[in-house]
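> The following block contains the structure, expressed as structure tokens.
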Amino acid sequence: MQGNGEERYALALGQAVIKCWGELPQEVQQRLFEDAVIAGHHSERDESLREQLAVFLHSHHPRTER
């Protein structure tokens with residue numbers, strides 16, 4: 001990410017996706033989930049990110065499959 005503007009846009013888009021996550025088609029959810037895991041994986045310490053992200057999404061949208 002470059003500069004504050006891009007970080008601000010990414011944060012705003014991320015919040016919008018979280019808000020409507022349960023309404024998204026499953027294929028879109030899967031693609032966004034996998035892309036988020038890849039984008040957030042910076043070191044071996046991030047190995048649990050997949051599980052943490054799944055728990056987070058489930059807690060916000062119990063109908064999601066992940």
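Computed from the coordinates by the stated procedures, all read-outs in this text should not be read as laboratory data. Since this is a predicted model, take the numbers as computed values, not measurements. Quick reminder, even Gly has a Cβ in these numbers, built from the backbone with ideal geometry, and neighbours come from all protein chains shown.
> Can you tell me which residues in segment 24-59 are surrounded by 13 or more Cβ atoms within 10 Å (Cβ to Cβ) and not in a helix (DSSP H, G or I)?
Within segment 24-59, LEU24, HIS41 meet the criteria.
> Taking interchain pairs and intrachain pairs at least six residues apart, which have beta carbon atoms under 9 angstrom, with the first residue in segment 13-28 and under 15 Å from SER59 (Cα atoms) and the second among the polar types (S, T, N, Q)?
TRP21/GLN29; TRP21/THR64; GLY22/GLN29; GLY22/THR64
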